[in-house]
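J.: One structure coming up, written as structure tokens, with questions to follow.
The values are calculated or read from the model by the stated rules, or taken from the named source; none is laboratory data. Remember, predicted model here, so these are calculated numbers, not experimental data. Cβ placement follows ideal geometry from the backbone for every residue including glycine, while neighbour counts extend to all protein chains displayed. Only protein heavy atoms, including side chains, enter the accessible area calculation; ligands, DNA and RNA are left aside. Shrake-Rupley method; radii C 1.70, N 1.55, O 1.52, S 1.80 Å.
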Amino acid sequence: MPQSYVRALDLPQVIPVFPLDRVILLPRGQLPLNIFEPRYLNMIDDAMAGDRIIGLVQPVGGTPALPGLSPVGCAGRITSFAETSDGRYLITLTGVSRFRIAAELPSKAPYRQVRAAFDAYEADLASPPEEPDFDRHAFLDALRNYLAHRSLDIDWETAESAPMEALVNSLSMALPFEPAEKQALLEAVSLLPRSEALIALMRIDAADGGDDASPSMQ
């Protein structure tokens, strides 16, 4: 990521937010997005002209026209950008840090803006420490049962060798859990509790059925 942030104070206090249901972003995770609504095209234009930071937040409650915002989201930086011939933007958001919404601010822009409190999540800006208590065998066993139940497959060679953070966070972002479950994964205190929560969710889904199977993740 070209821009480096060391402290919470290095991040902008006011950021635009993009509410997306069943979608979370995690630090250093990469999320491709297809932007086509005019208000969000405007948001990307403004972000590209500034610090490229956008907050991804799950909607909760409210109305379809004005959904409520989950209290915790994750700020990402636009690290790739392309424009299609029909006017859409194809971007990649790379996760920087989670934040708590301190307040939603009045805005003349067509998109929503919040005052973001990053202090509680300053550890997101540091390189992840080694996690000696991570039980990769149990994690992969739960993942294998989950994927088999849903008739999904992944690159197992990569899964078996990937660093813990990349493995846990990418699956937390990609697997089709319910919004509240996604939010719980986002708000996990650190990586090890997130891995434990993810194992529990995968085991519950494999045992109880869950949603209909999704297309292959390869």
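J.: Accessible area per residue, 1.4 Å probe, Å², for the chain: what's the number? Before the final figure, lay out each step's value.
T.: Values: 11070 Å² over 218 residues.
Counting only protein heavy atoms, the per-residue value for the chain is 51 Å².
J.: With the crude spin-label approximation of a point 7 Å out along Cα→Cβ, what separation in nm comes out for D51 versus D133?
T.: 3.3
J.: Let me ask something additional. Can you list the HN-Hα couplings for the range 198-207, worked out from phi with the Karplus curve (6.51, -1.76, 1.60; θ = phi - 60°), rounded to whole Hz and with x for Gly and Pro?
T.: For the range 198-207, the Karplus curve yields 5, 4, 4, 5, 5, 5, 4, 4, 5, 7 Hz.
J.: Mind listing the phi-derived Karplus ³J(HN,Hα) values for the range 43-56, rounded to whole Hz, using 6.51, -1.76 and 1.60 with θ = phi - 60°, and x for any glycine or proline?
T.: 4, 5, 4, 5, 5, 5, 7, x, 8, 6, 9, 9, x, 9
J.: Please give the net charge around L93, taking every other residue with its beta carbon less than 12 angstrom from that of L93, where Lys and Arg add +1 and Asp and Glu add -1.
T.: That sum, taken over residues with Cβ under 12 Å, equals +3.
J.: Continuing with this model, one more query. Between the DSSP loop rule and a limit of at most 16 other Cβ atoms within 10 Å, which GluC sites (Glu not before Pro) in the range 81-159 are left? Walk me through the numbers on the way to the answer.
T.: Working: sites: E83, E104, E122, E130, E157; in loops: E130.
Qualifying residues, ordered by number: E130.
J.: Choose one of A123, G55, A159: the residue whose Cα lies farthest towards the positive end of the charge dipole of the chain (beta-carbon charges +1 Lys, Arg; -1 Asp, Glu; about the Cα centre).
T.: Of the options given, the answer is G55.
J.: Top mean-square fluctuation among P59, P16, P163, Gaussian network model of the chain, C-alpha springs under 10 Å?
T.: The residue with the greatest mean-square fluctuation here is P163.
J.: Something else: Can you work out the FRET efficiency for the pair D141 and A109, with r the C-beta to C-beta distance and R0 = 45 Å, to the nearest 0.05?
T.: 0.40
J.: Given H placed on each backbone N at 1.01 Å, which residues far from I15 in sequence or on other chains put an amide H within less than 5 Å of it?
T.: V114, A116
J.: Ok, one more. Of all trypsin sites (Lys or Arg not before Pro) in the range 66-111, which ones are in loop regions per DSSP and have a Cβ with at most 15 other Cβ atoms within 10 Å?
T.: When the trypsin sites (Lys or Arg not before Pro) of the range 66-111 are filtered for loop state and at most 15 Cβ neighbours within 10 Å, R88, K108 remain.
J.: What nm distance separates the two modelled labels at Q13 and I204, each placed 7 Å from Cα along Cα→Cβ?
T.: About 3.8 nm, to one decimal.
J.: Taking θ as phi - 60°, what are the ³J(HN,Hα) couplings along the range 77-82 by the Karplus curve (6.51, -1.76, 1.60), each to the nearest whole Hz, with x for Gly and Pro?
T.: For the range 77-82, the Karplus-derived couplings read 10, 5, 10, 8, 8, 8 Hz, x marking Gly and Pro.
J.: Moving on. On a full-extension model of 0.36 nm per residue, what is the gain between A117 and E178, subtracting their alpha-carbon distance, rounded to one decimal in nm? Walk me through the numbers on the way to the answer.
T.: On the way: separation 61, 0.36 × 61 = 21.96 nm, distance 2.55 nm.
Contour length minus the Cα-Cα distance gives 19.4 nm.
J.: Using the Kirkwood radius over C-alpha pairs as Rh, can you work out the diffusion coefficient of the chain via Stokes-Einstein at 20 °C, viscosity 1.002 mPa s, in µm² per second?
T.: Here the translational diffusion coefficient equals 117 µm²/s.
J.: Averaging over all projection directions, find the projected area of the Cα convex hull of the range 32-85 and quote it in nm² with one decimal place.
T.: 4.5
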